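Down below is the structure, laid out as structure tokens.
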Amino acid sequence: MSTTTGKAAESAKVQAGPGTAKSPAAGPKGSRMRGKPRLGVQNMAGWLFSTPFLVLFLVFMAVPIIATLVMSFTDFGLRNVTHPLDANFIGFENYTKLFSDEKFLKSLFNTAYFVVIGVPLTIFLGLLVAVLLNNGIDRARTFFRVGFYAPVVTTIVAVAVVWRFVLDPSDGLVAGLFSEVGLTAPDFLGSETLAMPSMIAMAVWRNVGTVMVLFIAGLQAIPTEVREAARLDGAGVWQEFKGITVPLLRPTMLYATVITTIGYLNVFEEPFVMTQGGPSDSTLTVSLNMYREGFNFFHMGYASAMAYVLFVVIMGITVLQLRLLKDNTK
């Protein structure tokens, strides 16, 4: 029996052949060799899909940004539109001129005023509306959310028409309310004192919906177990809001504050459509002043310098906000 079994085993080895024993070692090598060309094809496909974005980014973003930086050191004007290489290099003259330009300093002050008043109002009202819609209002919640977000997606022209009607000193909605109590409504958009607060009110009304959506997302991300534990410990509504809701909303608050500040530093549409920077430059912002210098007076080099000063201001404030608020999110 043993002799028969040994012969059967030898015949099985001969039939299997010498290549069969080496096949496990050859398997991983073959898969690695097949994987390299496939990885190259995937990389090539990724670059092909990215090419349209890269082309658009280079043509419409990177090249204009670099060109604007170069122009800020030249006296580029209307005469250089057809012959850009004829512009004269003047170094930092445009930048030094900015800080002795009363109109630019006025626009810088107006922009700072807009940001200092507008950003806290927008954040506060956005958080208030988000808390009410998330916890306080049960019926028609979707209706109110859509209503508060509608100004965000409404064009500035339509918004301007509405606000001009509301603030019209003779036939506007506010004028009607004033007349009901026997008073005369002021000319909100024609007053140097009231024009900028009117712009801020319109901007807050337009942007509170965006902040509301961000805070609603943040509120819904807070675990219900944390709130229930606080209530079991005897925490009231205000204690729960102050001790749990606000600390856990700090990352959302950081993001909302940063994007709102950047948007308000770049404010252009509201004064451009409503007041054209008037009266007496009381609503002239840096972006509107930049537009005037570049496209009304064709001082392209000077406008480019203005743009980069605004860019540095935005970067500085953003970094400061990230450092101050990020420490509290840890």
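Rule-based calculations on the coordinates, nothing more; no lab input. Quantities reported herein were computed from a predicted structural model and do not represent experimental measurements. Counting neighbours? That spans all protein chains shown, and the Cβs are built from the backbone with ideal geometry, glycine included.
Name the aspartates and glutamates eligible as straight-distance cross-link partners of LYS103: C-alpha to C-alpha under 16 Å, and not fewer than 8 places from it in the same chain.
List returned: GLU192, ASP281, GLU293.
Which value does Rg/Rh take for segment 287-330 over its C-alpha atoms, Rh per Kirkwood?
1.29
What number, rounded to the nearest 500 deg cm²/dmol, is the helix-based mean residue ellipticity at 222 nm of the chain, given -39500 (n - 2.57) per DSSP H run of at least four residues and division by all its residues?
Computed mean residue ellipticity for the chain: -22000 deg cm²/dmol.
Pick from ASN94, ASN43, ASN289 the residue whose mean-square fluctuation is largest in a GNM of the chain, springs joining Cα atoms under 10 Å.
Maximum fluctuation in the GNM of the chain, among the listed residues, is at ASN43.
How far is the Cα center of segment 105-160 from the Cα center of segment 269-330, in Å?
Comparing the Cα centres of segment 105-160 and segment 269-330, I get a distance of 20 Å.
Cut-off 10 angstrom, C-alpha nodes, Gaussian network model of the chain. Which of VAL41, VAL181, VAL153 fluctuates the most?
VAL41
Test of understanding: express the Cα radius of gyration of segment 43-152 as a ratio to 2.2 N^0.38 Å, with N the residue count.
That ratio works out to 1.82.
If I require 27 Å or longer along the helix axis, counting alpha carbons, and a Kyte-Doolittle average no lower than 0.0, what helices from the chain are left? Use full DSSP H segments.
102-131, 195-220, 300-326
Shape call for the chain from the C-alpha gyration tensor, a ≥ b ≥ c root eigenvalues: rounded (a/c under 1.5), prolate (a/b greater than b/c) or oblate?
Details: a/c = 3.24, a/b = 1.61, b/c = 2.02.
Oblate.
Rounded to the nearest 20 debye, what is the charge dipole size of segment 156-283 about its Cα centre when +1 sits on each Lys and Arg Cβ and -1 on each Asp and Glu Cβ?
I would put it at about 440 debye.
Could you estimate the translational diffusion coefficient of segment 70-113 from the Stokes-Einstein equation, with Rh from the Kirkwood formula over C-alpha pairs, at 37 °C and 0.692 mPa s, in whole µm²/s? Show your work: numbers first, answer last.
Numbers: Rh = 11.9 Å.
Approximately 277 µm²/s, per Stokes-Einstein.
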